[in-house]
Amino acid sequence: MSQPAPNPTIADAGAPFDDPEADIILRSSDNTDFRVFKVILKLASHVFKDMLSIPQPSISFLSHEDTRDGLPVVRVSEDARALDLMLRWCYPLPSPLQRSLNHARLALELSEKYQIDGLSQIGKDCLKAVIKSNALAAYAVACRFDLPDVAKAAAKATLARPLSAHPSSELTSISADRYQTLVSYHQRCGEVASAVADDRRWLPVGIMVRAPSNPCSMCCSRDARSTVAFTPVSSWASVYLWDFLARAAIALRARPDASAIGSLYRVQTFTCPSCGLNRMSSLPAIRQVLAEEVSAAVGRVTLPNVYGHCATSPLLLQPCRTF
Ligand SMILES: [Zn+2]
């Protein structure tokens, strides 16, 4: 004869979810009871509003497991930590906003599951706050929850490093089609940014470019990439300028972001032993102009729409269960 399953140990949540005046109990998946008020749940959540608007059976008709201290018990699939956060976000309390990817996911998932309007903005704010540190994952979450402005900002933030250098753990949360879209966007931005360094029509003539009438044979050379857009006067410059631009074009193809050129040629001074000129003095200005040109060019590259639910995408979150 089988023995009945022992009753689980029920814990009680702390304040403010231990109010003796509460009129309903929410029980977490790990058996913590939160004493709350129906009116707050109904105001915060469309799902709770609909559920609690249905006439409830008298407490005397509910089973022992569905009541406690004369109050109805509603079991939810969230654990105590998630339920605590959700209720604090719903209650008229200071919002426990932690700027983490997990909080962003949780807020967005709960907003969707329980139709809590205010949580969507909280999740969005959390997600924006982690774009810089978790660009790829933020992009995936933004696509999943149909947040196009956040997805675009996150996609742009991925440009600060080669796509292959992003943590591989973040790839588990992104579908193949969305990742491929991001790869294409990254490559297009790389082509555009690299072309800026190769084009060189933006070069501020007169800052570093020297006239060919008196070029220094030791530190100046003709631009090997000189185009018709360049006059003969501007096609001569320090060999360091041309080398800087060639390196910048390579770096920008993998990292189409102004930060990619920040670490190139940090030396501020190099005095040519032949002509006596400091050939590095104008490099900071050149670097600044190039950075601005790259940012402008990359900003014109658009990211295709890849938002909302995707049938083939792996689940970012634990499946939602009904309560
Ligand atoms: Zn020289």
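The values are calculated or read from the model by the stated rules, or taken from the named source; none is laboratory data. Since the model is a prediction, treat every value here as computed from it, not as a measurement. Neighbour counts run over all protein chains shown; Cβ positions are idealised from the backbone, glycine included.
Looking across the stretch 248-270 at every residue that is modelled with pLDDT under 85 and surrounded by 12 or more Cβ atoms within 10 Å (Cβ to Cβ), the one that is nearest to the ligand (Cβ to nearest atom) is identified as 270. The combined condition, being of a type in the set (Ser, Thr, Tyr), at pLDDT 90 or above and part of a loop (DSSP other than H, G, I, E, B), is not fulfilled by residue 111. Among the residues making up the stretch 153-185, those that are under 22 Å from residue 124 (Cβ atoms), at pLDDT 85 or above and of a type in the set (Gly, Ala, Ser) are 153, 154, 155, 157, 160.
Pairs are defined by a Cβ separation below 9 Å, a sequence spacing of at least 6 or placement on different chains, a first member in the stretch 139-166 that is assigned by TED's automatic domain parsing to the domain that holds residue 294 and surrounded by fewer than 18 Cβ atoms within 10 Å (Cβ to Cβ), and a second member that is outside any loop (DSSP other than H, G, I, E, B) and of a type outside the set (Lys, Arg); no pair meets this definition.
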